[in-house]
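**Q** Input: one structure, supplied below.
The values are calculated or read from the model by the stated rules, or taken from the named source; none is laboratory data. Here the structure is a predicted model, which means the values were calculated and not measured. Here the Cβ positions follow ideal geometry from the backbone for every residue, glycine too, while neighbour counts run over all protein chains shown.
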Amino acid sequence: MLNFQLDEEQQMLTDAIKRLASERMRKVFRDAEEEEKIPQAVIDAGWEMGLLPTAVPEEFGGFGEYSVVTQALAVEELAFGDLAITANILYPNNVAIPVMVAGTDAQKEAHLPLFMEPKQPNVTAALTEPHIQYDPRGLKTTAVLDGDHYVINGSKSVVPLAETAETILVYANEEGKTQAFFVPAGTEGLTVGDKDKLMGLRALPTNQIKLENVRIPAENKLGGDAGIDFNLILNHSRIALGAAAVGVARAGYEYAVEYAKQRIQFDEPIAHRQSIAFMLAEMSMDVDGARMLVWEAAWKMDNGEDVTQDVAIMKHFIDDMVMRVSDQALQVLGGYGYIREYPVELWFRNARGFATFDGLLMI
Amino acid sequence: MIDFTIPEKIENQVKMTEMVAKQVMRPKSRYLDEHEHERPDDFINMMWPVVREQNKATLDRAIARANGEGGTKVKTGPSTTILRLIMLVEMMSWGDTGQYLCIPGGGLGGFAVEAAGTPEQKEKFMRRFAEGDAPSFGAMAITEPDAGSDNSSMRTTSVLDEETNEWILNGEKIFITNGSLSLKESDGFCVVWATVDPNAGRKGIKSFVVEADTPGVDVSPGMDKLGIRTSDTVVLSFSDARIPYENMLGYSKVEKKKADKGFKGAMATFDASRPAVAASAVGIARAALEMTKELLAEEGIEVDYTKPKHQLTAVERDIMEMEAQYKMAWLLTLRAVEPMMYGKGNRLEASQNKAYAGTAVTKITQKAVELLGPLGYTRDILIEKFMRDAKINDIYEGTRQINLLIVARSILGYSRRELK
C-alpha cells in the first residue's frame, strides 16, 4: 500500500545521521574545504555508523538487509551535512556494492569481509575519465584479454583516495561493454597521478590514475567470465548521487529560508516579499519532488525492476534541479551568497558537479 | 515503510476506466471540442450507473456507522478513497478532460457537503447521487466577477428572512463548472458560498445548498472557452432566491448548532480537490507525451536512455525533460494524497502538487505541439487540443500564484498578514 513514512529503523538511522551532520560535519566542512583536508575523526565517526555492514547480508559477515531505499535516505542526510565528507565516508562502497550485486561467490567471499572491519578499508574505484566526451557506457580505457590475463590501458580521473588505495576497481571497455577489474596497488604500469583540482569537493582527495599495459589475472574481472551488467552498477551509483543531490539542494534551500526570515531590508524580512517567497516555494517543490524521483527508483530497484530508464529521467532532472536550487539559494543571500564566509557558494560549486560525478558514490 | 504499491483493486478499476477512455471518450474528443455546448451523453450515461452504485455503497456504509450498526466491523488501515479518486481522474483526463469534468455525481458540491455537512445534510443531499435512472450532478460556486483568487471579498449575500426562516440569496457567480447540469438539467444542487455579514470578511462567509429549479436562480448559457470546451461552465445569478434555513452547510436541527466551519470549510475541500486537479493535469500530460513519442517513433526518432546528456539530440533532451516533469507532477500527486490516506493534513503538499502539476502540463503540452511541427498545430490530431485543455490546470482550484503563496506561507511559517 502506498506509504511514504519511514519505518522505525530508517527513522533511527536518519536521526543519527542528522546528528552527525549537524554536530560533526557542519562544524568542520568549511575548514576542510579551505584546507583540502577532512579531520580523520569525522570520517571515522561516519564509518563507525556502520552503514555498509548493515547493508551487507549475514552470509557475507554483515548483519543487515540490503535496501536501496534505506541507503538513499542515509545518503540524503549525509550529503545535507557535506558532500565531500560523505564521499570520503562512503568511498569503500564503490567497491563493496558492485561486489555485492555483481561479484562471483568467490569474489564476495574474498572482498566483502574487509568492509565489516571497524577500520575503513583502503579500496576505491575508478570510472570517470578526464575528457569531454566521457560516456560511462562507452569508455576509452580498454581491457583486452591476453591469455589468462587482461591488459588495461587508459586514464581515469576523480578517483577518491587513490594515493592510499590498496586495490582499485577499474572500469574499462571490453569489446564495447563496460566491465570492472580489480587492480592491486603497485601493479606494474599503474601510476597514481596528480591530485585533481576540482571546482568543488576540494576536501575530498581524488586523483587521476594512468594505466599503461597493466596486466592483471583474468579472475580479477568482476563477475567472472560473464562480467557485469554495467547498467545495474550505474543505476546504483546514480540513485546514490540523486539522493546526495537532494541533500545538497535541501541544504541550500533550508539555509535560504532561514536567511530570508532574518535578513531585514526596508524594515522587514525579505521573506515578506513575494519575489523571495515564491522563489523559496519553487525550491521546495523541486527538492520534495526530486526526493520522490529518488525514492521511486530506489523502491523499484529493491523490487528487482530494471530502472535504467527511470534513473536516466531522474538524473536528467536532478542534475539540473540541484544546480537550479543552489543558484536560487545563493541569489536569496545576495552578496553574502558570494562570500566564502557563508556556505551557499560551496553548495553551489558542488551542485554543478553532479552532472559529472558518476561512480563517485555508490549505494 | 516507503512503498509505491497501488492496491490491485484500484489497478483493476484503472484498467476498466482505460477502456472507457479509449472506447467512449477518445472517439468523441474532437467532435465535442468542435461542438462546444453539446453534452457528452455517451460518457455520462456510461458512468452514471458506476458512480451511482459506488455512491450508494459509500453512503449506506456511512449511515450504518452513524447508527452504530456494523460496529464490530470497524475498518482499520489507510483509506484508499482519495487514492482511487486521483488514479481514476488521471485516467479519465488522459481520455478527455472536458468529458471527465461532466462526470455525474456530487463533484465539488459533494466534496463540500462531505467536508462541512452534518450527517442529516449528507443523507438529504447526497442520496440523489446514489439512486435513480437519470444522472444527477453537484456543483460549487465560489468565484465572482470581482472575487477570483481573493474569494474572501465575495459580494453574494445571504440574508435571513426571520418570518419564513429562509435565506435570501442575491449576487452573481461565474465560471461555475457543471452549473447547468446540476441546476437545470438534473435534480442536483449547487453549493453556493455567500456572506451573511459583508462587514465580517471571511468570518461572515457560509455555504448554502441551492437545489435545482429554485426560483430566482438564473443559469446562463455555457461560456465559450479556450479548452475543456465540453465542460459545462456557466454564470449563476441570484435574485431573491429563497432557500430553507437548514440548507446552510453545517447547520444541525438536532443540535441547534449554527454553521461554524464557514470559510475554512471551503478551503478544506481544496485539500482534496487540488490533488484531483493535479491528477487531471498529469492525465493530459501523459496523453500528450505518449502521442508525441508515438508520432516521433513513426519517423524513427526514439529516445536513447543510455546516452550521456551531452550526446543527446535536442529532441531527445526535450522529451526527457517532458518525462521528468510529468513524473515529478505525478509523484507529487501521490505525495499529496498519501497523508490524507493516513488521516494527516496535506495543505502544503496539495498546493505544492497543484502548482507544480498545473505548470508542468502547460509546458509539456506546449512543447508537444512544437515538437510535432506543422502537424502538431493542426486540428487533425488531438495534440493542440491537449495544449488548450492543459492550461486550465494552471488556473482553476487556485491559480499557480495562489498555490505558491500557500506553499510560501507554509514553509516560512507566515500568516496572511506577513506574506500578502
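**Q** Checking A:VAL257 against (1) among the β-branched types (Val, Ile, Thr); (2) within 11 Å of chain B (Cβ to nearest Cβ); (3) touching a residue at least 40 places away in the same chain (Cβ under 8 Å), only one condition comes out false. Which one?
**A** (3)
**Q** Test A:ALA55 against the criterion of being among the small types (Gly, Ala, Ser), on the phi < 0 side of the Ramachandran plot and at pLDDT 95 or above, and give yes or no. Let's see the steps before the verdict.
**A** Details: among the small types (Gly, Ala, Ser): yes; on the phi < 0 side of the Ramachandran plot: yes; at pLDDT 95 or above: no.
So A:ALA55 fails the test.
**Q** Being within 14 Å of chain B (Cβ to nearest Cβ) and at pLDDT 95 or above: is that true of A:ALA84 here?
**A** Details: within 14 Å of chain B (Cβ to nearest Cβ): no; at pLDDT 95 or above: yes.
No.
**Q** Only one of B:ARG417, B:ARG335 is crowded, with 20+ Cβ neighbours inside 10 Å, within 14 Å of another protein chain (Cβ to nearest Cβ), under 30 Å from B:ARG202 (Cα atoms) and without any contact (Cβ under 8 Å) to a residue 40 or more places away in the chain; which?
**A** On the way: B:ARG417 fails: crowded, with 20+ Cβ neighbours inside 10 Å.
None of the other options fit; the residue is B:ARG335.
**Q** Here's something else I'd like to know. Give A:GLU76, A:GLU65 a once-over and let me know the one that is modelled with pLDDT under 95 and either in contact with a strand residue (DSSP E or B) (Cβ under 8 Å, 6 or more places away or on another chain) or within 14 Å of chain B (Cβ to nearest Cβ) (or both).
**A** Details: A:GLU76 fails: modelled with pLDDT under 95.
Result: A:GLU65 is the single residue among A:GLU76, A:GLU65 that is modelled with pLDDT under 95 and either in contact with a strand residue (DSSP E or B) (Cβ under 8 Å, 6 or more places away or on another chain) or within 14 Å of chain B (Cβ to nearest Cβ) (or both).
**Q** Moving on to the next point. Which one of the conditions (1) part of a helix (DSSP H, G or I); (2) within 30 Å of B:SER149 (Cα to Cα); (3) within 14 Å of chain A (Cβ to nearest Cβ) does B:LYS344 fail to meet, given that it meets all the rest?
**A** Among (1) part of a helix (DSSP H, G or I); (2) within 30 Å of B:SER149 (Cα to Cα); (3) within 14 Å of chain A (Cβ to nearest Cβ), the lone unmet condition for B:LYS344 is (1).
**Q** Just to be sure before I move on: is A:LEU198 within 29 Å of A:TRP347 (Cα to Cα), touching a Phe, Trp or Tyr at 6+ places or on another chain (Cβ under 7 Å) and not charged (D, E, K, R) in the structure I sent?
**A** It is false that A:LEU198 is within 29 Å of A:TRP347 (Cα to Cα), touching a Phe, Trp or Tyr at 6+ places or on another chain (Cβ under 7 Å) and not charged (D, E, K, R).
Table: residues versus (1) buried (at least 18 other Cβ atoms within 10 Å of the Cβ); (2) within 12 Å of another protein chain (Cβ to nearest Cβ); (3) modelled with pLDDT of 95 or more.
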{"position": "B:ILE381", "(1), (2), (3)": "no, no, yes"}
{"position": "B:GLU384", "(1), (2), (3)": "yes, no, yes"}
{"position": "B:ARG409", "(1), (2), (3)": "yes, yes, yes"}
{"position": "B:GLY413", "(1), (2), (3)": "no, yes, yes"}
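**Q** Here is a check on your reading of the model: is B:MET328 touching a Lys or Arg at 6+ places or on another chain (Cβ under 9 Å), at pLDDT 95 or above and under 23 Å from A:ALA355 (Cβ atoms)? Reasoning before the result, please.
**A** Details: touching a Lys or Arg at 6+ places or on another chain (Cβ under 9 Å): no; at pLDDT 95 or above: yes; under 23 Å from A:ALA355 (Cβ atoms): yes.
So B:MET328 fails the test.
**Q** Just one of the numbered conditions (1) facing chain A (nearest Cβ under 8 Å); (2) touching a Ser or Thr at 6+ places or on another chain (Cβ under 8 Å) is not true of B:LYS327; which one?
**A** If we test B:LYS327 against (1) facing chain A (nearest Cβ under 8 Å); (2) touching a Ser or Thr at 6+ places or on another chain (Cβ under 8 Å), just (2) comes out false.
**Q** How many residues does region B:280-319 contain that are within 12 Å of another protein chain (Cβ to nearest Cβ), free of Cβ contacts under 8 Å to residues at least 40 places away in the same chain and either exposed (fewer than 12 other Cβ atoms within 10 Å of the Cβ) or not charged (D, E, K, R) (or both)?
**A** Total satisfying the criteria: 8.
**Q** Of the residues B:ALA368, B:ALA390, B:ALA355, only one is at the interface with another protein chain (Cβ under 8 Å from one of its Cβ atoms) and either within 30 Å of B:ASP224 (Cβ to Cβ) or surrounded by fewer than 18 Cβ atoms within 10 Å (Cβ to Cβ) (or both); which?
**A** Details: B:ALA368 fails: at the interface with another protein chain (Cβ under 8 Å from one of its Cβ atoms); B:ALA390 fails: at the interface with another protein chain (Cβ under 8 Å from one of its Cβ atoms).
Only one candidate qualifies: B:ALA355.
**Q** What number of residues within region A:305-361 satisfy the criterion of being closer than 12 Å to A:ALA256 by Cα and within 14 Å of another protein chain (Cβ to nearest Cβ)?
**A** 4
**Q** Let me ask another. Of the conditions (1) among the aliphatic types (A, V, I, L, M); (2) in contact (Cβ under 8 Å) with a residue 12 or more places away in the chain; (3) outside any strand (DSSP E or B), A:ILE132 clears all except one; give me its number.
**A** So A:ILE132 meets the others, but not (2).
**Q** Restricting the search to region B:1-17, which residues are more than 12 Å from every other protein chain (Cβ to nearest Cβ) and surrounded by 15 or more Cβ atoms within 10 Å (Cβ to Cβ)?
**A** Matches in region B:1-17: B:GLN13, B:VAL14, B:THR17.
**Q** Is region B:59-73 home to any residue that is basic (Lys, Arg) and either touching a residue at least 60 places away in the same chain (Cβ under 8 Å) or crowded, with 17+ Cβ neighbours inside 10 Å (or both)? Break it down into steps so the answer makes sense when it comes.
**A** Initial filter on region B:59-73 (basic (Lys, Arg)): B:61, B:65, B:73.
Of the ones still in play, those that are also either touching a residue at least 60 places away in the same chain (Cβ under 8 Å) or crowded, with 17+ Cβ neighbours inside 10 Å (or both) are none.
Scanning region B:59-73, I find no residue that is basic (Lys, Arg) and either touching a residue at least 60 places away in the same chain (Cβ under 8 Å) or crowded, with 17+ Cβ neighbours inside 10 Å (or both), so the answer is no.
**Q** A further question follows. If you go through region B:162-177 one residue at a time, do you hit one that is of a type in the set (S, T, N, Q), under 20 Å from B:ARG128 (Cβ atoms) and part of a strand (DSSP E or B)? Working first, answer last.
**A** Our first condition is that a residue be of a type in the set (S, T, N, Q); within region B:162-177, this holds for B:164-165, B:170, B:177.
Filter once more, so that each one left must be under 20 Å from B:ARG128 (Cβ atoms): B:177.
Among the residues that remain, those that are also part of a strand (DSSP E or B) are: B:177.
Within region B:162-177, one or more residues are of a type in the set (S, T, N, Q), under 20 Å from B:ARG128 (Cβ atoms) and part of a strand (DSSP E or B).
**Q** While we're on this one: From the list A:GLY359, A:GLY335, A:GLY304, exactly one residue is under 29 Å from A:GLU33 (Cβ atoms), in a loop (DSSP other than H, G, I, E, B) and among the small types (Gly, Ala, Ser). Which is it?
**A** Numbers: A:GLY335 fails: in a loop (DSSP other than H, G, I, E, B); A:GLY304 fails: under 29 Å from A:GLU33 (Cβ atoms).
Of A:GLY359, A:GLY335, A:GLY304, the one residue that is under 29 Å from A:GLU33 (Cβ atoms), in a loop (DSSP other than H, G, I, E, B) and among the small types (Gly, Ala, Ser) is A:GLY359.
**Q** Quick one: which helices (runs of 4 or more DSSP H) sit completely within region B:13-114 and have at least 2 residues that are closer than 23 Å to B:VAL282 by Cα and more than 20 Å from the chain's Cα centre (by Cα)? Reasoning before the result, please.
**A** Working: elements: B:26-34, B:41-66, B:81-95, B:97-100.
Qualifying helices (runs of 4 or more DSSP H): B:26-34.
Each row is one residue, and each column tells you yes or no for (1) polar (S, T, N, Q); (2) away from chain B (no Cβ under 14 Å); (3) in a helix (DSSP H, G or I).
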{"residue": "A:GLN179", "(1), (2), (3)": "yes, yes, no"}
{"residue": "A:LEU234", "(1), (2), (3)": "no, no, yes"}
{"residue": "A:ARG238", "(1), (2), (3)": "no, no, yes"}
{"residue": "A:ALA244", "(1), (2), (3)": "no, yes, yes"}
{"residue": "A:MET279", "(1), (2), (3)": "no, no, yes"}
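**Q** Here's something else I'd like to know. With the structure loaded, tell me whether B:THR156 is over 17 Å from the mean Cα position of the chain (by Cα), within 25 Å of B:MET341 (Cβ to Cβ) and of a type in the set (Val, Ile, Thr) or whether it fails that test. Break it down stepwise before answering.
**A** Details: over 17 Å from the mean Cα position of the chain (by Cα): yes; within 25 Å of B:MET341 (Cβ to Cβ): no; of a type in the set (Val, Ile, Thr): yes.
Judged against the criteria, B:THR156 is not a match.
**Q** Quick check, is A:GLY335 over 20 Å from the mean Cα position of the chain (by Cα), surrounded by fewer than 23 Cβ atoms within 10 Å (Cβ to Cβ) and farther than 10 Å from A:GLY252 by Cβ?
**A** Working: over 20 Å from the mean Cα position of the chain (by Cα): yes; surrounded by fewer than 23 Cβ atoms within 10 Å (Cβ to Cβ): yes; farther than 10 Å from A:GLY252 by Cβ: yes.
Yes.
**Q** Still on this structure, please answer the following. Of B:ILE82, B:ILE86, which residue is surrounded by 17 or more Cβ atoms within 10 Å (Cβ to Cβ), touching a helix residue (DSSP H, G or I) at 6+ places or on another chain (Cβ under 6 Å), modelled with pLDDT under 95 and within 14 Å of chain A (Cβ to nearest Cβ)? Full working, then the answer.
**A** On the way: B:ILE86 fails: modelled with pLDDT under 95.
After ruling out the rest, the residue left standing is B:ILE82.
**Q** Okay, moving on. Helices (runs of 4 or more DSSP H) wholly in region A:1-115 with at least 2 residues that are surrounded by fewer than 16 Cβ atoms within 10 Å (Cβ to Cβ) - which ones?
**A** Counting at least 2 such residues, we get A:8-20, A:26-35, A:40-47, A:105-111.
**Q** Given (1) modelled with pLDDT under 95; (2) buried (at least 24 other Cβ atoms within 10 Å of the Cβ), where does A:THR124 come up short, assuming only one miss?
**A** The number of the failed condition is (1).
**Q** Can you find a residue that is surrounded by 20 or more Cβ atoms within 10 Å (Cβ to Cβ) and of a type in the set (Lys, Arg) anywhere in region A:144-157?
**A** Narrowing region A:144-157 to residues surrounded by 20 or more Cβ atoms within 10 Å (Cβ to Cβ): A:150, A:152, A:154, A:156-157.
After this cut, where a residue has to be of a type in the set (Lys, Arg) as well, the list is A:156.
Checking region A:144-157: at least one residue is surrounded by 20 or more Cβ atoms within 10 Å (Cβ to Cβ) and of a type in the set (Lys, Arg).
**Q** Within region A:181-201, work out how many residues are part of a loop (DSSP other than H, G, I, E, B) and farther than 16 Å from A:PHE357 by Cα. Full working, then the answer.
**A** If we filter region A:181-201 for residues that are part of a loop (DSSP other than H, G, I, E, B), which is where we start, we get A:185-189, A:196-201.
Narrowing the set further to residues that are farther than 16 Å from A:PHE357 by Cα leaves A:185-189.
Result for region A:181-201: 5.
**Q** If I ask for residues that are over 14 Å from A:LEU330 (Cα atoms) and surrounded by fewer than 23 Cβ atoms within 10 Å (Cβ to Cβ), which ones from region A:223-262 would you list? If you could, list the steps in order and put the result at the bottom.
**A** As a first pass, look at region A:223-262 and keep what is over 14 Å from A:LEU330 (Cα atoms): A:223-247, A:261-262.
Selection gives A:GLY223, A:GLY224, A:ASP225, A:ALA226, A:GLY227, A:ILE228, A:ASP229, A:PHE230, A:ASN231, A:LEU232, A:LYS261, A:GLN262.
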